[in-house]
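Here's the structure we're looking at; comments come further down.
The values are calculated or read from the model by the stated rules, or taken from the named source; none is laboratory data. None of these values were measured; they are calculated from a predicted model. Methodologically, a virtual Cβ is constructed for each residue, glycine included, from the backbone with ideal geometry; neighbour enumeration extends over all protein chains shown. Each accessible area value is taken on the protein alone, full model and side chains, heavy atoms only, with ligands, DNA and RNA left out. Shrake-Rupley method; radii C 1.70, N 1.55, O 1.52, S 1.80 Å.
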Amino acid sequence: MNTAAERIGAGVGSLPRAMLATLPTPLEAGPDLPGGVGLLVKRDDLTGLGMGGNKARKLELICGAAAARGVDTVVTVGAAQSNHARMTAAACARLGWQAHLVLGCGGSPVGTEGNQLLSRLFGARLYPQPSDDWDELEGVASALADRLGADGRVVETLPVGGSTPIGALGYMLAWAEMMQQCESAGLNPCAVVVASSTAGTHAGLLAGQAVYRAAGAQTPELIAVGVAKKSRVLAADATRLARACLEAAGFAASVLDATTVEVDDAMIGAGYAVPTPEGDGAIRWAATQGGWILDRVYTGKALAGLLRMASEGRFSPGSQVLFWHTGGQPAIFASGGAPGDEAK
Ligand SMILES: *Cc1c(COP(=O)(O)O)cnc(C)c1O
């Protein structure tokens with residue numbers, strides 16, 4: 001038995017958890033990357049909850065803790081095509097709770113497409129805002145939470161992306177899940193590449209990796225591809241969250257070596273959710289080479305980062321790299337959500 005996996009299981013296992021995701025998600029082999037590097041894909045687009053994606057793992061721990069304190073209502077914020085808001089809506093439907101979603105729609109028209117269509121279908125109430133300023137959106141969410149609380153609801157307010165230390169625990173567990181899958185299949189990837197926006201996913205994986213390292217286990221390196229913030233800011237966010245996540249599971253924050261936290265921000269382009277030619281190229285590559293569906297906001301840009309690292313010779317020929325597919329498919333069906341459909 002693997003002692004690091006046992007330690008993670010024991011640390012997180014004592015905390016309340018809502019069983020919302022279909023786990024473990026598949027780990028599958030893909031076509032070679034440039035330079036003769038093998039590709040593995042961790043299919044977290046198949047977590048099952050409300051069309052899947054990475055937020056299901058965070059929501060299991062977040063909703064578990066919320067249920068333990070009698071929550072019946074969740075308020076959260078997101079972008080117009082927020083996957084986090086959609087999966088929060090699905091989780092609330094499963095748990096019999098109300099979901100209230102404050103969405104930053106900026107100048108874009110309020111749609112009934114993609115993630116918004118699904119959120120409505122799950123019974124959530126949507127509050128589209130003309131702004132896309134996070135401070136303003138969080139102000140609206142906190143006023144809404146106060147109003148709901150005054151009406152007698154027991155409210156949980158989640159930050160953008162559900163990136164709390166408790167949410168990140170879902171990805172600490174996921175690191176152990178992935179390591180065990182690799183072990184039993186005799187796979188030994190040299191690196192794991194994942195999209196990072198609000199840092200919760202990256203932080204949980206870092207926390208899991210740190211526990212493995214502390215146990216003396218060999219682990220892949222972890223490379224986050226930023227899709228919104230510059231690497232200095234995102235690396236600091238991920239480090240802070242990973243340490244809080246470690247502490248929440250009963251580990252010392254010091255097991256994480258901050259100098260190993262790596263964020264590549266070369267693929268952001270003009271900004272969050274603004275498509276790039278590299279990201280669109282990666283979406284086409286994944287679709288035509290593997291039948292995988294990536295999105296323009298997160299996974300397309302992350303795979304573009306991986307394709308570039310591979311073609312620049314970052315990984316040795318014959319080695320394997322694991323791409324963590326974090327989901328995002330519903331946004332494909334919103335206008336402007338897929339390459340070749342530039343309508344806005
Ligand atoms: C939210 C999201 C991410 C980023 O996860 P963070 O924990 O916010 O960094 C990546 N991919 C998809 C599809 C997402 O919805």
Original post:
Which value, in Å², gives the accessible area per residue of the range 243-316 when a 1.4 Å probe is used on the protein heavy atoms?
Top reply: 43 Å²
Subject >> Efficiency of FRET between K230 and D151 - r from beta-carbon atoms, R0 41 angstrom, step 0.05 >> reply: 0.50
Original post:
Where Rh denotes the Kirkwood radius from the mean inverse Cα pair distance, what is Rg over Rh for the range 291-344?
Top reply: 1.08
Original post:
For the range 188-199, in order, what is each residue's ³J(HN,Hα) by Karplus, 6.51 cos²θ - 1.76 cosθ + 1.60 with θ = phi - 60°, in whole Hz (x at glycine and Pro)?
Top reply: 9, x, 8, 8, 10, 10, 9, 6, 9, 10, 9, 6
Original post:
Roughly how many percent of the accessible protein surface of the chain is carbon and sulfur, given a 1.4 Å probe and a whole-percent answer?
Top reply: 53 percent
Subject >> Contact order relative to length of the chain, as percent, for alpha carbon pairs under 8 angstrom and 6 or more apart >> reply: 21 percent
Original post:
Length gain on complete extension for the stretch F333 to A185, per 0.36 nm per residue less the alpha carbon to alpha carbon distance?
Top reply: 49.8 nm
Subject >> For the range 131-233, Kirkwood radius (reciprocal of mean inverse C-alpha pair distance, Å) >> reply: 16.0 Å
**OP:** Using DSSP, restrict attention to beta bridges with both residues in the chain and report what percent are antiparallel, rounded to the nearest 5.
**Re:** 10 percent
Subject >> Sites R69 and S131, calculated FRET efficiency, Cβ-Cβ separation with R0 25 Å, nearest 0.05 >> reply: 0.20
**OP:** Would you calculate, for the chain, the mean residue ellipticity at 222 nm contributed by helices, counting each DSSP H stretch of 4 or more residues as -39,500 (n - 2.57) and dividing by all residues, to the nearest 500?
**Re:** -13500 deg cm²/dmol
Original post:
Which value in Å is the Kirkwood Rh of the chain over different Cα pairs?
Top reply: 20.0 Å
Original post:
Considering the zone a paramagnetic label at L117 would reach in this model (a point 7 Å from Cα along the Cα-to-Cβ line), which residues of the range 41-84 have amide N under 15 Å from it?
Top reply: 51, 81-82
Original post:
Which of G226, G186, G52 moves most in a GNM of the chain, Cα contacts under 10 Å?
Top reply: G186
Subject >> Overall form of the range 192-272 per C-alpha gyration tensor (a/c, 1.5; a/b vs b/c) >> reply: prolate
Subject >> Set K55/K301; K58/K301; K55/K230 screened for pairs whose C-alpha atoms are more than 20 Å apart >> reply: K58/K301; K55/K230
**OP:** Provide, in order from the shortest bin, the percent of all Cα-Cα pairs of the range 148-292 in each 5 Å bin, continuing until the bin that contains the maximum pair distance.
**Re:** 2, 10, 16, 19, 17, 15, 10, 6, 3, 2, 0, 0
Original post:
For the range 86-134 and the range 208-255, what is the separation of their Cα centres, given in Å?
Top reply: 30 Å
**OP:** For T73, enumerate residues with amide H under 5 Å from its amide H, sequence gap 5+ or separate chain, H modeled in the peptide plane.
**Re:** Q98, V154, E156
Original post:
Taking 0.36 nm per residue of separation and subtracting the Cα-Cα distance, what length does fully extending E138 through A258 add?
Top reply: 40.3 nm
**OP:** Treat the range 210-344 as a sphere of radius equal to its Kirkwood radius over Cα pairs and apply Stokes-Einstein at 4 °C in a medium of 1.567 mPa s; give the translational diffusion coefficient in µm²/s, rounded to a whole number.
**Re:** 79 µm²/s
Original post:
Scanning the chain for helices, which whole DSSP H stretches are 15 Å or more long along the axis (Cα) and average -0.5 or more by Kyte-Doolittle?
Top reply: 55-68, 83-95, 134-150, 165-185, 200-214, 231-248, 299-311
Subject >> Anisotropy class of the range 1-87 from Cα gyration tensor, a/c 1.5 cut >> reply: oblate
**OP:** Round to the nearest 0.05 the FRET efficiency obtained for L15 and A266 when R0 = 45 Å and r is the Cβ-Cβ distance.
**Re:** 0.80
